[in-house]
Amino acid sequence: MKIMCVICFLFLVLSAFAQEPNLTLRSPAFDDNQSIPSKYTCDGNNVNPPLVIRNVPANAKSMVLVVHDPDAPAGDWNHWAVYDIKPETRIIIENSIPGSEVLNDFNKFHYGGPCPPDGKAHHYVFELYALDNQLSLNPNGSLGGLLQIMQGHVLDKTRIVGIYKK
């Protein structure tokens with residue numbers, strides 16, 4: 001019986017090491033599906049929150065970060081899209097530009113924080129993609145163009161959702 005337990009334990013330990021951990025994205029400013037502090041919104045400093053990246057696939061050549069609001073009255077609203085983030089990046093610091101940006105739905109090349117109409121909470125999805133290549137995109141590119149050239153190159157993806165209500 002004791003030998004059986006030892007074998008089971010070893011199997012569990014080896015299984016855990018054999019599994020590749022998935023790409024993860026977290027923020028020290030807010031937990032998944034929790035409120036985004038106003039500092040990172042149009043009611044505050046309107047700067048991007050800090051983000052922590054873990055378990056980037058070893059064969060990744062670049063990463064893409066997209067921040068959008070699927071609850072926006074006009075449809076899914078692009079707040080920020082950054083491509084060609086270096087795969088060794090583990091921290092995106094507050095108020096930074098970690099790669100090349102595309103035009104957002106505010107018609108700007110920079111982070112536009114949550115800014116929902118009064119009354120209803122909106123969900124802000126921070127999606128991170130690990131790619132098998134670096135992207136070649138027009139400097140005035142759009143999110144649609146970015147998503148199109150990413151097709152077929154995504155190795156792994158993850159997300160964190162923040163909530164904000166005025």
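The values are calculated or read from the model by the stated rules, or taken from the named source; none is laboratory data. Nothing here was measured: the structure is a model prediction, and the numbers come from that model. We place every Cβ from the backbone using ideal geometry, glycine too, and count neighbours over all the protein chains shown.
Restricting attention to the stretch 133-152 and to residues that are in contact with a Ser or Thr (Cβ under 9 Å, 6 or more places away or on another chain) and not β-branched (Val, Ile, Thr), the residue that is farthest from Leu65 (Cα to Cα) turns out to be Pro139. Here Asn138 fulfils each of the conditions (1) surrounded by 16 or more Cβ atoms within 10 Å (Cβ to Cβ); (2) more than 16 Å from Ile92 (Cβ to Cβ); (3) in contact with a helix residue (DSSP H, G or I) (Cβ under 8 Å, 6 or more places away or on another chain) apart from (1). Can you say whether Gly99 is free of Cβ contacts under 8 Å to residues at least 60 places away in the same chain and touching a Lys or Arg at 6+ places or on another chain (Cβ under 8 Å), as far as the supplied structure shows? It is true that Gly99 is free of Cβ contacts under 8 Å to residues at least 60 places away in the same chain and touching a Lys or Arg at 6+ places or on another chain (Cβ under 8 Å).
Report whether or not Ala81 is under 25 Å from Asn22 (Cα atoms), assigned to a loop (DSSP other than H, G, I, E, B) and at pLDDT 95 or above.
Working: under 25 Å from Asn22 (Cα atoms): yes; assigned to a loop (DSSP other than H, G, I, E, B): no; at pLDDT 95 or above: yes.
It is false that Ala81 is under 25 Å from Asn22 (Cα atoms), assigned to a loop (DSSP other than H, G, I, E, B) and at pLDDT 95 or above.
In the stretch 121-166, the residue that is farthest from Asn59 (Cα to Cα) out of those that are polar (S, T, N, Q) and without any contact (Cβ under 8 Å) to a residue 12 or more places away in the chain is Asn138.
Here's the yes/no breakdown for (1) among the basic types (Lys, Arg); (2) exposed (fewer than 15 other Cβ atoms within 10 Å of the Cβ); (3) assigned to a loop (DSSP other than H, G, I, E, B):
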{"position": "Cys42", "(1), (2), (3)": "no, no, yes"}
{"position": "Val47", "(1), (2), (3)": "no, no, yes"}
{"position": "Ala60", "(1), (2), (3)": "no, no, yes"}
{"position": "Val64", "(1), (2), (3)": "no, no, no"}
{"position": "Gly75", "(1), (2), (3)": "no, yes, yes"}
